[in-house]
Amino acid sequence: MGDDLATYSRNGHLPTTFIDVKKVLLTFLIIASACSGEETIESLDENVLNQFFETENGPETLKSLYEKNNQPMVVNLWATWCTPCLEEMPYFETAHRKYGKEIQFIGINISDSPTRAKKRAEELHISYLLGNDPDGSFTKSLKAIGLPVTAFFNTEGKLSTIHQGPISEENLQKSIMEFLDV
């Protein structure tokens with residue numbers, strides 16, 4: 001077997017095609033772990049509540065929104081090019097229609113065209129508050145890897161949990177009940 005390997009190797013190294021396969025597998029593992037849906041709170045940038053984002057009514061922060069209503073918040077980071085983001089947005093809309101008087105639902109479009117984001121939200125009939133974060137400050141503050149990301153802020157306005165990756169309608173409902181005391 002050693003002779004067979006020597007036949008296919010160059011200077012004792014594996015063939016390029018095998019290395020390419022390893023790169024593809026490594027990339028797949030990184031993406032899979034980013035979309036694993038694990039909920040975690042690590043050492044986050046404390047400024048996440050003070051990050052500005054643009055809404056139709058001008059700049060806002062999560063802190064100012066919380067102070068206006070004193071309600072828990074579900075904040076979803078999304079983009080128009082993110083298929084899982086678009087697939088889960090109707091779940092947030094359904095939850096917003098059900099719990100909108102008790103919970104603030106906020107969708108923040110990350111590093112995307114505001115015009116394209118608005119058009120996509122209209123196509124999906126989204127009625128909860130939407131904003132834009134053109135420089136990706138929220139993904140940095142939440143130490144997010146990829147999109148979508150959903151952050152749950154409790155009745156005290158404190159971050160309860162972060163869900164990395166797509167969230168199912170059932171898990172969204174469960175998280176609302178578990179983390180937001182609704």
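The values are calculated or read from the model by the stated rules, or taken from the named source; none is laboratory data. Just so it is clear, the structure is predicted and the values come from calculations on it, not from any experiment. Every residue, glycine as well, gets a Cβ built from its backbone with ideal geometry; the counts of neighbours run over all protein chains shown.
All of SER160, SER127 fail the test of being surrounded by fewer than 18 Cβ atoms within 10 Å (Cβ to Cβ) and closer than 23 Å to SER64 by Cα, apart from SER127. Test ALA121 against the stated conditions and say whether it is among the small types (Gly, Ala, Ser), modelled with pLDDT of 95 or more and either crowded, with 21+ Cβ neighbours inside 10 Å or part of a loop (DSSP other than H, G, I, E, B) (or both). Criteria not met by ALA121.
Residues checked against (1) modelled with pLDDT under 90; (2) of a type in the set (A, V, I, L, M, F, W, C); (3) under 21 Å from THR115 (Cα atoms); (4) in a loop (DSSP other than H, G, I, E, B):
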site	(1), (2), (3), (4)
GLY37	yes, no, no, yes
GLU42	yes, no, no, yes
LEU49	no, yes, no, no
GLU54	no, no, yes, no
GLU67	no, no, no, no
GLN71	no, no, no, yes
THR80	no, no, yes, yes
PRO84	no, no, yes, no
TYR91	no, no, no, no
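Cβ-Cβ contacts under 6 Å between residues 6 or more apart (or on different chains), taken from a first residue in segment 135-146 that is under 16 Å from ASP112 (Cα atoms) to a second residue that is part of a loop (DSSP other than H, G, I, E, B), are listed as GLY136/SER111; SER137/GLN51; PHE138/GLN51. Within segment 139-153, does at least one residue satisfy the condition of being part of a loop (DSSP other than H, G, I, E, B), of a type in the set (Lys, Arg) and either buried (at least 20 other Cβ atoms within 10 Å of the Cβ) or touching a Ser or Thr at 6+ places or on another chain (Cβ under 9 Å) (or both)? Yes, segment 139-153 contains at least one residue that is part of a loop (DSSP other than H, G, I, E, B), of a type in the set (Lys, Arg) and either buried (at least 20 other Cβ atoms within 10 Å of the Cβ) or touching a Ser or Thr at 6+ places or on another chain (Cβ under 9 Å) (or both).
Got a sec? Which of SER111, SER127 is of a type in the set (S, T, N, Q) and at pLDDT below 95?
It is SER111.
Just one of the numbered conditions (1) touching a helix residue (DSSP H, G or I) at 6+ places or on another chain (Cβ under 7 Å); (2) within 21 Å of THR55 (Cβ to Cβ); (3) of a type outside the set (S, T, N, Q) is not true of HIS163: (2). The single condition among (1) in a loop (DSSP other than H, G, I, E, B); (2) buried (at least 16 other Cβ atoms within 10 Å of the Cβ) that GLY107 does not satisfy is (1).
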